[in-house]
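Everything on this sheet refers to the single structure shown next.
The values are calculated or read from the model by the stated rules, or taken from the named source; none is laboratory data. Every value quoted in this text rests on a predicted model; they were computed, and no experiment measured them. Cβ sites come from the backbone with ideal geometry, for glycine too, and all protein chains shown count toward neighbours.
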4 protein chains.
Amino acid sequence: MTNETARIEAFSDGVFAVAITLLVLDIKAPPVSSASPSLAVRLAHQWPSYLAFVTSFVTILIMWVNHHRIFTHIGRANDHLLFFNGMLLLGVTVVPFSTALIAEYLGHDGQRTAAVVYNGTFIFIAILYNVLWHSASAKGKLLRQDADHHAVQLITGSFRWGVPGYSAALMFAFLNVTASLVLNLLLAMFFALPTHLSRRRNSNAH
Amino acid sequence: MTNETARIEAFSDGVFAVAITLLVLDIKAPPVSSASPSLAVRLAHQWPSYLAFVTSFVTILIMWVNHHRIFTHIGRANDHLLFFNGMLLLGVTVVPFSTALIAEYLGHDGQRTAAVVYNGTFIFIAILYNVLWHSASAKGKLLRQDADHHAVQLITGSFRWGVPGYSAALMFAFLNVTASLVLNLLLAMFFALPTHLSRRRNSNAH
Amino acid sequence: MTNETARIEAFSDGVFAVAITLLVLDIKAPPVSSASPSLAVRLAHQWPSYLAFVTSFVTILIMWVNHHRIFTHIGRANDHLLFFNGMLLLGVTVVPFSTALIAEYLGHDGQRTAAVVYNGTFIFIAILYNVLWHSASAKGKLLRQDADHHAVQLITGSFRWGVPGYSAALMFAFLNVTASLVLNLLLAMFFALPTHLSRRRNSNAH
Amino acid sequence: MTNETARIEAFSDGVFAVAITLLVLDIKAPPVSSASPSLAVRLAHQWPSYLAFVTSFVTILIMWVNHHRIFTHIGRANDHLLFFNGMLLLGVTVVPFSTALIAEYLGHDGQRTAAVVYNGTFIFIAILYNVLWHSASAKGKLLRQDADHHAVQLITGSFRWGVPGYSAALMFAFLNVTASLVLNLLLAMFFALPTHLSRRRNSNAH
């Protein structure tokens, strides 16, 4: 983190934090009613909201972790970085909407359309992570002078899986939308993996 | 606070700040109506919203204080810390929903179910505080080299009361849901106590 | 700003920023309708929302400026500071609700009740500013060693006007609620005044 | 960024981040219905929401970039700066409302009124950028001692286009509201341009 990128990170953190917290607005308290199904039953019926909430929460969390990770290697900012970062945040901001959509339609007509929008948002974000990272790391343009080449290449390698991964989840939705959501959760966990490398680098520094 | 944990804290602060402020959206202005009960009476009828708001506000506030407190001792981050912190924030993010639920159902059928969800959220968060703190402090793994052992043990000791405390509040809800909410308020105050220790440590440093 | 108070300020800034931005949710776009009054007319009818929005925005802004100002003099934190600051933030968080209430009821039955709640929230916050500041500045307990005595006393002096000022606005609401809102705006401007002193102090430092 | 302006920037960043993320609340998931038009068709009908969302997102993003840019040159704060910055943030906070309005009315009676409000908000903000910048940069009053005169003049020059630009978009709305929204997008891109200058200045510093 340098001064030049510090405020980009602060603003991005703000957007990530607000977007991840707004997700809960998609889970509604069922209105009080004296009709027969108990509150417990009515809450249980809302399981698509919980599944969509957890999936999107974990996905945005991992995106934030990755944003943090790539900015530990970036030392300078330029117009392209600002622009691509802005488009990436636009994608993140859309997630509460696409989450509301999949939560509402899971198990109803239109659930495939909802899954296309949901995974489409993630594909858009995955493309922007690749473009942002390429624009910053190609020829080491915006990287810190002490950036670890191995860690940089590992990020490049793992980001390659974003677009095909979310495209697979999108295709999968045509077979089974619920299973596709679970695949989204697994994808988020895959993108969480390479952290240990930056940790190793930190412990090497001793 | 070190550079390595600074952005985790900044992001967590953002989530805490948004979640604690979203609580107010659960308090609705009663719609204008020319019917007989005056606005004052209709506002008074909303007391469950106010009780739930204050209880959740104070609870999230104390959680934030404790988050702040444990991160004053943590000097490094690793994958587990990031993951457990993320799950902890997931719990915090759910609080505006569980608060809306208890506010809506207090005094109606389903209030016990609502209290189970409300305290269940707090039990989930209490478990994660213990797991996060254990993962960071066991064998001093992620602690700062100058971390005060006495203060570390006091945190460990006080966190032990989280799960049984909120479980008691949950049980209590089967007798009286309102009294259980008041117990939640008292629990928050209990977890606020051990601050004076870190203060003492600071004054010792002179 | 010291390390000890930095995270309190960061969290408080987050709450202030979210609360001040949530105010806009009280201004609703009128639903599309082909009925006779034009959109311009229907928007003009919403003037109580705009007046309440601007008044609350300016008031929270000035509260933030004052929060900022008193924390430039505070060098250490203790339990009381954390607690009073938390209660102060609770009051700030309530403002979007009390604003929605006054906007909804201005010009209808219940507008006096709404004005009592609106000003009551501000009186609560004004009390807490006094208590927080007294707890920090009495005998210079938590102040920085280089705190400017004259500036400290000026803050103490100006804060004295908070409770009587908002109480006057509350009383005034029994005569005319709209005029009372305008008085709230004027009060916010009064509390904005003493900044020039801290500026002078800064220029003296050269 | 100096200590004196750091907390103004942090608070402003918070407001920008919340406002830009709240924009998504204007995009609603269509309610589940078994009636004939498919979800895809109903989503496509919501295109005004998407156009308004993207336009406002990009506009707030560029405003944030410009806010960031001018504060890299500002070294001190005074009352006027705080006040003008506060009014500027008030304008930014209104954008989610004006965006909801244009999204709701595009293609319906009242769309011209909505476009007047939408562009009126931007004109208000553009005026405040000019006033804020003039108050800070006239005679170099609040600028850092090492501020680059060329960069300062370029900012002054580009800000001159704000009021006429958004006024043109407002006029244009009387011919075609959709085209006027697209003009708003183009304006945002125009105001994004002069970044390369501050970059050049940074690279000169080597």
Worksheet, complete the sentence: Residues in region A:61-84 that are under 15 Å from the mean Cα position of the chain (by Cα) and of a type in the set (Val, Ile, Thr) total 3
Discussion item. Please go through (1) touching a His at 6+ places or on another chain (Cβ under 9 Å); (2) part of a helix (DSSP H, G or I) for A:LEU128 and return the number of the only condition it doesn't satisfy.
Written reply: (1)
Discussion item. Against the conditions (1) more than 30 Å from B:LYS28 (Cβ to Cβ); (2) part of a helix (DSSP H, G or I), where does B:ASP146 fall short? Just the number, please.
Written reply: (2)
Discussion item. Would you confirm, using the coordinates I've provided, whether B:ASN119 is closer than 17 Å to B:SER12 by Cβ and either touching a helix residue (DSSP H, G or I) at 6+ places or on another chain (Cβ under 6 Å) or surrounded by 19 or more Cβ atoms within 10 Å (Cβ to Cβ) (or both)?
Written reply: no
Worksheet item: Got a number for residues in region C:76-89 being closer than 18 Å to C:VAL152 by Cα and in a loop (DSSP other than H, G, I, E, B)?
Response: 2
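Out of all the residues in region C:21-40, is one or more under 30 Å from B:ILE70 (Cβ atoms) and of a type in the set (Gly, Ala, Ser)?
no
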Response to the item:
Residues of region C:58-82 being free of Cβ contacts under 8 Å to residues at least 60 places away in the same chain, more than 23 Å from C:LEU187 (Cα to Cα) and within 7 Å of another protein chain (Cβ to nearest Cβ), in sequence order, are C:ASP79
Discussion item. Could you check region C:14-52 and list, in sequence order, the residues that are buried (at least 23 other Cβ atoms within 10 Å of the Cβ) and modelled with pLDDT of 90 or more?
Written reply: C:GLY14, C:VAL15, C:PHE16, C:ALA17, C:VAL18, C:ALA19, C:ILE20, C:THR21, C:LEU22, C:LEU23, C:VAL24, C:ALA52
Practice prompt. Give the number of residues within region C:90-117 that are part of a helix (DSSP H, G or I), touching a residue at least 60 places away in the same chain (Cβ under 8 Å) and not basic (Lys, Arg).
Written response: 11
Worksheet item: Do we have D:PHE11 as in contact with an Asp or Glu (Cβ under 6 Å, 6 or more places away or on another chain), more than 7 Å from every other protein chain (Cβ to nearest Cβ) and not β-branched (Val, Ile, Thr) here?
Response: no
Practice prompt. Being surrounded by 24 or more Cβ atoms within 10 Å (Cβ to Cβ) and touching a Pro at 6+ places or on another chain (Cβ under 8 Å) is the filter here, so list the residues in region C:73-104 that pass it.
Written response: C:ILE102, C:ALA103
Practice prompt. Give me a count of the residues in region A:96-115 that are within 8 Å of chain D (Cβ to nearest Cβ) and either at positive phi or among the β-branched types (Val, Ile, Thr) (or both).
Written response: 2
Worksheet item: Of (1) surrounded by 18 or more Cβ atoms within 10 Å (Cβ to Cβ); (2) modelled with pLDDT under 95; (3) within 30 Å of D:PRO30 (Cα to Cα), D:LEU128 satisfies all except one. Which?
Response: (3)
Practice prompt. Go through (1) in contact with a Ser or Thr (Cβ under 8 Å, 6 or more places away or on another chain); (2) at pLDDT 80 or above; (3) assigned to a helix (DSSP H, G or I) one by one and return the number of the condition A:SER198 breaks.
Written response: (2)
Worksheet entry | Scope region C:16-51; condition of a type outside the set (A, V, I, L, M, F, W, C), within 30 Å of B:GLY14 (Cα to Cα) and at the interface with another protein chain (Cβ under 9 Å from one of its Cβ atoms); matching residues | C:THR21, C:ASP26, C:LYS28
Practice prompt. Within region A:118-139, track down each residue that is within 12 Å of chain D (Cβ to nearest Cβ) and touching a residue at least 40 places away in the same chain (Cβ under 8 Å).
Written response: A:TYR118, A:GLY120
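Over 30 Å from D:GLN145 (Cα atoms), surrounded by fewer than 20 Cβ atoms within 10 Å (Cβ to Cβ) and small (Gly, Ala, Ser): does that describe D:GLY107?
yes
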Discussion item. Go through region D:23-65 and report how many residues are hydrophobic (A, V, I, L, M, F, W, C) and within 22 Å of D:ALA192 (Cα to Cα).
Written reply: 13
Discussion item. Quick check on B:LEU142: is it out of contact with any Cys (no Cβ under 8 Å at 6 or more places or on another chain), in contact (Cβ under 8 Å) with a residue 60 or more places away in the chain and over 19 Å from B:VAL65 (Cβ atoms)?
Written reply: yes
Worksheet item: Looking at (1) more than 13 Å from chain B (Cβ to nearest Cβ); (2) in contact (Cβ under 8 Å) with a residue 12 or more places away in the chain; (3) under 13 Å from the mean Cα position of the chain (by Cα), which is the one condition that is false for A:THR55?
Response: (1)
